[in-house]
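Worksheet: one structure, shown below.
Every number here is computed from the coordinates shown, using simple stated rules; none is lab data. A quick note: this is a predicted structure, and the numbers were derived from the prediction, not measured. Using ideal geometry, Cβ is built from the backbone for each residue, glycine included, and neighbour counts are taken over all protein chains shown.
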Amino acid sequence: KQEVTQIPAALSVPEGENLVLNCSFTDSAIYNLQWFRQDPGKGLTSLLLIQSSQREQTSGRLNASLDKSSGRSTLYIAASQPGDSATYLCAVKGSSNTGKLIFGQGTTLQVKP
Amino acid sequence: GAGVSQSPSNKVTEKGKDVELRCDPISGHTALYWYRQSLGQGLEFLIYFQGNSAPDKSGLPSDRFSAERTGGSVSTLTIQRTQQEDSAVYLCASSSTTGRLGTGELFFGEGSRLTVL
């Protein structure tokens, strides 16, 4: 059974700092991994999608990496801003393009001005 | 539509009443998902529709919960005889899993917040 873990559960950093959020999963036979952002009282916004054949994806100040063999993904946020404050969730999809995503519990990030 | 649309955005009901939550996925998306997020909790998978295949109902917590997807588009999640523990945000997502653009990326709606008194 696939399990997804995100560490730390919460993180507080000063503005401008570079930071890394961690996601680990127990079954390396994944189809893809997706990082989301959730603001309080809102739905989830897709940030980055990494297919199993890829090692990383970049969008603006965000970079996500994937190491299937070790069951790990990281989300790197460069030059953090107060507007980055939110909960970040990672989710993995099993070995085919059909099927459910299994989510981690999320990391709640606070970037202080 | 441009995004996943869910209604109602907020629903307050009395214990024992039935409720229906609606999800209108992104046009052309073949896959549709329902998740539940309780206060301070992670996302709990409920049900998944893929095209004309039989839905994956493995996440439905009890037989009070059911969902249907009519015409491969709009989906309705029905909760019968609601209980206080059903209070949560119900999130719907859709994705395209076929063709060149079928990356499987999920796009979520804003959710329906259900409060059972």
Given (1) in contact (Cβ under 8 Å) with a residue 60 or more places away in the chain; (2) more than 18 Å from B:Leu39 (Cα to Cα); (3) surrounded by 14 or more Cβ atoms within 10 Å (Cβ to Cβ), where does B:Asp56 come up short, assuming only one miss?
-> (1)
Hey, does region B:69-78 have a residue that's within 8 Å of another protein chain (Cβ to nearest Cβ) and touching a Phe, Trp or Tyr at 6+ places or on another chain (Cβ under 8 Å)?
-> no
Enumerate the pairs (first residue in region A:88-113 and within 7 Å of another protein chain (Cβ to nearest Cβ) and under 13 Å from A:Thr74 (Cα atoms); second residue anywhere and of a type in the set (A, V, I, L, M) and surrounded by fewer than 21 Cβ atoms within 10 Å (Cβ to Cβ)) with beta-carbon separation below 8 Å, excluding pairs fewer than 6 apart on the same chain, so at least 6 apart or on different chains.
-> A:Gly106/A:Ala9
Selection from region B:3-30 of residues in contact with a helix residue (DSSP H, G or I) (Cβ under 9 Å, 6 or more places away or on another chain) and either of a type in the set (A, V, I, L, M, F, W, C) or within 13 Å of B:Gly109 (Cα to Cα) (or both) yields B:Val19
Would you mind stating whether B:Ser87 is away from chain A (no Cβ under 14 Å) and within 23 Å of A:Gln34 (Cβ to Cβ)?
-> no
From the set of residues in region A:79-104 that are surrounded by 20 or more Cβ atoms within 10 Å (Cβ to Cβ) and of a type in the set (D, E, K, R), which is farthest from B:Ser58 (Cα to Cα)?
-> A:Lys93
Working only within region A:19-38, note down all residues that are surrounded by 21 or more Cβ atoms within 10 Å (Cβ to Cβ) and either acidic (Asp, Glu) or under 11 Å from the mean Cα position of the chain (by Cα) (or both).
-> A:Leu21, A:Cys23, A:Leu33, A:Gln34, A:Trp35, A:Phe36
Can you confirm whether region B:21-33 contains a residue that is within 25 Å of A:Pro40 (Cβ to Cβ), touching a residue at least 12 places away in the same chain (Cβ under 8 Å), buried (at least 18 other Cβ atoms within 10 Å of the Cβ) and of a type in the set (Phe, Trp, Tyr)?
-> yes
Hey, can you tell me all the residues within region A:52-78 that are buried (at least 17 other Cβ atoms within 10 Å of the Cβ) and of a type in the set (S, T, N, Q)?
-> A:Gln57, A:Ser65, A:Ser73, A:Thr74
Can you tell me which residues in region A:1-47 are of a type in the set (Asp, Glu), more than 11 Å from chain B (Cβ to nearest Cβ) and either farther than 18 Å from A:Lys68 by Cβ or in contact with a helix residue (DSSP H, G or I) (Cβ under 8 Å, 6 or more places away or on another chain) (or both)?
-> A:Glu15, A:Glu17
Mind checking which residues of region B:13-61 are within 25 Å of A:Trp35 (Cβ to Cβ), within 10 Å of another protein chain (Cβ to nearest Cβ) and in a loop (DSSP other than H, G, I, E, B)?
-> B:Thr30, B:Gly40, B:Gln41, B:Gly42, B:Ser58, B:Gly59
Complete set of residues in region A:3-52 that are hydroxyl-bearing (Ser, Thr, Tyr) and either over 27 Å from B:Gly3 (Cα atoms) or part of a strand (DSSP E or B) (or both) = A:Thr5, A:Ser12, A:Ser24, A:Thr26, A:Ser28, A:Thr45, A:Ser46
